Amino acid sequence: MMDDLAVLAQIVEAGLLPLSLIYLAREAQLNVKLTKAQFSHTLTDRLYERYLSSTQNQEFVAFLAKDFSSEELTAEDQWRITLWTNAMLVDLFDTYEQHKGGLATQEQLDMRLNLLKLGLMQSKGARAAWSLWKPSKDATFIEWFETEIFEGDFDDDALATATKLNMRRS
């Protein structure tokens, strides 16, 4: 009789093990979906918060309205462009990595890329900022980014601009 119960227990256990594995797999899928949703919300919230705070700061809006390609920008303006660019680049880097990992959508990546394509990255300060970030990025990202932003034609004379703006000590 005890042998019969042991055999019955093994049969039940063998039947429940696959069900347990299916349950765990389902939970893992739900966890991935939840993580994606949370990250997506964070990305969107971060962008909207930046937009909202920008609209509430008249001085900053006036700065953003300047022609960033103008030769008449002051060194202070170039620095502000560089700092703004750094904020935009860090956001893009984060979104790019999360997109590669499946946590961010193509639309979220494109939105950030399009913001940089509006002309910001053609300014001296922004180009200098990229020249400082570039050595820390892998070749795949560099090729993708420079093709998207500079149509593949980024000249490294931005390093001279960075030096001129006192961003890099020679």
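The values are calculated or read from the model by the stated rules, or taken from the named source; none is laboratory data. Because the structure is predicted, anything quoted here is derived from the model rather than measured. Positions of Cβ are backbone-derived with ideal geometry, glycine not excepted, and every protein chain shown enters the neighbour counts. Please note that ligands, DNA and RNA were not included when accessible areas were found on the heavy atoms of the full protein model with its side chains. Shrake-Rupley method; radii C 1.70, N 1.55, O 1.52, S 1.80 Å.
Remarks
- Being small (Gly, Ala, Ser) and not in a helix (DSSP H, G or I) is a property that Ser69 has.
- Which numbered condition Leu83 misses (of (1) in a helix (DSSP H, G or I); (2) of a type in the set (A, V, I, L, M); (3) surrounded by 14 or more Cβ atoms within 10 Å (Cβ to Cβ)): (3)
- Matching residues, the stretch 149-170, being crowded, with 17+ Cβ neighbours inside 10 Å and modelled with pLDDT of 85 or more: Ile149
- Test: residue in the stretch 55-62 that is surrounded by 12 or more Cβ atoms within 10 Å (Cβ to Cβ) and in contact with a helix residue (DSSP H, G or I) (Cβ under 7 Å, 6 or more places away or on another chain): yes
- Flag for Leu21 being surrounded by 11 or more Cβ atoms within 10 Å (Cβ to Cβ) and out of contact with any Lys or Arg (no Cβ under 8 Å at 6 or more places or on another chain): no
- Whichever residue in the stretch 22-54 is charged (D, E, K, R) and touching a helix residue (DSSP H, G or I) at 6+ places or on another chain (Cβ under 8 Å) and, among such residues, is farthest from Gln108 (Cα to Cα): Arg50
- Filter pass, Asp4 being assigned to a loop (DSSP other than H, G, I, E, B) and either under 19 Å from Glu148 (Cβ atoms) or open to solvent by 50 Å² or more (accessible area, probe 1.4 Å) (or both): no
- Selected residue (only one of Ser53, Ser20, Ser40 is in a helix (DSSP H, G or I), at pLDDT below 75 and of a type outside the set (Lys, Arg)): Ser40
- Those residues of the stretch 113-145 which are open to solvent by less than 10 Å² (accessible area, probe 1.4 Å) and within 28 Å of Asp67 (Cβ to Cβ), in sequence order: Leu113, Leu116, Met121, Ser123, Gly125, Ala126, Ala128, Ala129, Trp130, Ser131, Phe145
- Here Leu73, Leu109 are screened, and the one residue that is open to solvent by less than 60 Å² (accessible area, probe 1.4 Å) and either in contact (Cβ under 8 Å) with a residue 60 or more places away in the chain or within 13 Å of the chain's Cα centre (by Cα) (or both) is Leu109.
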